[in-house]
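Visitor: One structure, as structure tokens, below. Some questions next.
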Amino acid sequence: MMKQFPPSELLQSLPKQFFASLVNKVAKKMAEGHDIINLGQGNPDQPTPPHIVAAMQKAVANPKYHKYSPFQGYSFLKRAVAAFYEREYGVTVDPEKEVAILFGGKAGLVEIPQCLVNPGDIVLVPDPGYPDYWSGIALARAKMAMMPLRAENEFLPDYEEIPENVAEKAKIMFLNYPNNPTGAVASQEFFEETVSFAAKYGICVVHDFAYGAIGFDGRKPVSFLQAEGAKEIGVEIYTFSKTYNMAGWRVAFAVGNESVIAAINLLQDHLYVSLFGAIQEAAATALLSSQRCVEELVALYEARRNTLIDALRQIGWDVTAPKGSFFAWLPVPHGWTSERFSDYLLEKAHVVVAPGIGFGGHGEGYVRAGLLTSEARLQEAADRIAKLGLF
Ligand SMILES: Cc1ncc(COP(=O)(O)O)c(C=O)c1O
């Protein structure tokens, strides 16, 4: 008989994957043959730009990359990261000391608590927020303290609300703007306020800049590192997944505070060697070549945003347009929970949205819709919802 090995206490302590049940419900509906419009996920629908694919195709044939990559990654990629930050944000970083190459943003975000905190330490987490922050905190056996993001505060945390004894025990603060799930953006002033709060309590700020390229209405999202003193107190995580539609490639980087970069590199020395060299070469190509593809992608998402928001307003749904990211954060009608409402849309309209409660307690009252399908399908989703007569 096959022996069942029980999972460790550590594995059992990991947060439940809330969205797994939604994925199952959607798969069941699809298997029944329904035409489902899935706005529930965050997987970019466009392909990687051809010049990046071509760079990869060429690099794959280079025998240099068939060997182990150097530990901590190739210097050419770290120099490309430094050139990118200088060009895009006017921020100077030392490529060898202030850049770490990551196996996707998720890996870095999960690694950082293991690098910096001890069991029982507190990590400040945005609520609602990206659930993978919780995983790294659980792996480090640390505790979470939630920072509510409220519409009336433009989905920014209010540092005055954090009790003194919590701030004193906090070691890390996660932030993410443009924000998943709310679509909110942050200003340089907000990041400067963050730096002074974090410096007061010695908290390491980890700014997840996953949607850094995606700002609407002509506004380029601000990098945390543009704030005065940011590098002294934190790091920024930047992924290729969204800017260049490279989610499947698993490549990202951390930039900022030297001691945090050294800690990430040390942990990764124990876990891995480094990414496949050809991926590193294609990633450098993405950063250093024309950013026209990024402008086109942002224009595509903005057109989709306009279509969805206009269509929802036309059916009487009072929604706010996101300023960045590729998500719309939509209030559920009075008297519904986010989960019941998303189940209802799936059942009756065959439209999938992600219930806000899956992103934390303060996500209740909202659902998240992704802009990752064509304008025609977004319009159709609104038309199907209109027929339910809810608004
Ligand atoms: C807020 C946020 N951070 C990080 C990530 C991780 O991106 P990746 O691991 O593909 O770099 C995502 C992906 O959906 C995200 O939404």
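Computed from the coordinates by the stated procedures, all read-outs in this text should not be read as laboratory data. Note that the coordinates shown come from a computational prediction; the quantities given were computed from them, not determined experimentally. Using ideal geometry, Cβ is built from the backbone for each residue, glycine included, and neighbour counts are taken over all protein chains shown.
Visitor: In nanometres, what is the gap between the two model label sites at VAL53 and LYS200, each 7 Å from Cα along Cα-to-Cβ?
Guide: 5.1 nm
Visitor: Give a residue-ordered list of calculated ³J(HN,Hα) values for the stretch 115-121 (Karplus: 6.51 cos²θ - 1.76 cosθ + 1.60, θ = phi - 60°; whole Hz; x for Gly, Pro).
Guide: Karplus values, whole Hz, x for Gly and Pro: 7, 10, 10, 10, x, x, 5.
Visitor: Taking 0.36 nm per residue of separation and subtracting the Cα-Cα distance, what length does fully extending LEU388 through GLU258 add?
Guide: 41.4 nm
Visitor: What FRET efficiency comes out for the pair ARG219/TYR68, r = Cβ-Cβ distance, R0 = 51 Å, nearest 0.05?
Guide: 0.75
Visitor: Moving on to the next point. Using a Förster radius of 35 Å, what is the FRET efficiency between TRP336 and LEU300 based on their Cβ-Cβ separation? Nearest 0.05, please.
Guide: Rounded to the nearest 0.05, the efficiency is 0.65.
Visitor: Roughly how many nanometres apart are two label points built 7 Å out from the Cα toward the Cβ at SER374 and SER21?
Guide: Using points 7 Å along Cα→Cβ, the separation is 3.5 nm.
Visitor: What nm value, rounded to one decimal, do you get for the distance between ARG87 and GLN46 when each label is placed 7 Å out toward the C-beta?
Guide: Rounded to a tenth, the inter-label distance reads 1.8 nm.
Visitor: What is the magnitude of the charge dipole of the chain about its Cα centre, with +1 placed on the Cβ of each Lys and Arg, -1 on the Cβ of each Asp and Glu, and no other charges, expressed in debye to the nearest 20?
Guide: Dipole magnitude for the chain comes out near 1340 debye.
Visitor: Can I ask one more? LYS58: which lysines have alpha carbons under 22 Å from its alpha carbon, excluding same-chain residues fewer than 8 sequence positions away?
Guide: Counting by Cα, and skipping residues close in sequence, LYS58 has these lysines nearby: LYS67, LYS78.
Visitor: Quick check: from the Cα gyration tensor, does the stretch 173-308 come out rounded (a/c under 1.5), prolate or oblate?
Guide: It is oblate, given that a/c is not under 1.5 and a/b is not larger than b/c.
Visitor: What FRET efficiency, computed as 1/(1 + (r/R0)^6) with R0 = 56 Å and r the Cβ-Cβ distance, is obtained for VAL60 and GLN4, rounded to the nearest 0.05?
Guide: Working from the Cβ atoms, E equals 0.85.
Visitor: From the backbone phi of the stretch 69-84, what are the Karplus-calculated ³J(HN,Hα) couplings (6.51 cos²θ - 1.76 cosθ + 1.60, θ = phi - 60°) in whole Hz, Gly and Pro given as x?
Guide: Whole-Hz 3J(HN,Hα) from phi for the stretch 69-84: 6, x, 3, 6, x, 6, 4, 4, 6, 5, 5, 5, 4, 4, 5, 5.
Visitor: Now a separate question. Counting helices only, and only those DSSP H runs with n ≥ 4, report the 222 nm mean residue ellipticity of the chain as the sum of -39,500 (n - 2.57) divided by its residues, in deg cm²/dmol to the nearest 500.
Guide: Computed mean residue ellipticity for the chain: -13000 deg cm²/dmol.
Visitor: Right, another one. If you take the charge dipole of the stretch 50-289 about its Cα centre, with +1 on Lys and Arg Cβ and -1 on Asp and Glu Cβ, which of THR285, SER259, ALA55 is farthest toward its positive end?
Guide: About the Cα centre, the residue reaching furthest to the positive side is ALA55.
Visitor: Would you mind putting 212-223, 348-359 in packing order, based on average other-beta-carbon counts within 10 Å, highest first?
Guide: Listed from highest to lowest mean packing, they are 348-359, 212-223.
Visitor: Once you wrap a convex hull around the alpha carbon atoms of the stretch 50-289, what is its projected area averaged over all directions, in nm²?
Guide: 12.5 nm²
Visitor: For the stretch 120-191, restrict the atom set to alpha-carbon positions and state the Rg and Dmax in Å.
Guide: In order Rg, Dmax, the Cα atoms of the stretch 120-191 give 12.1, 33 Å.
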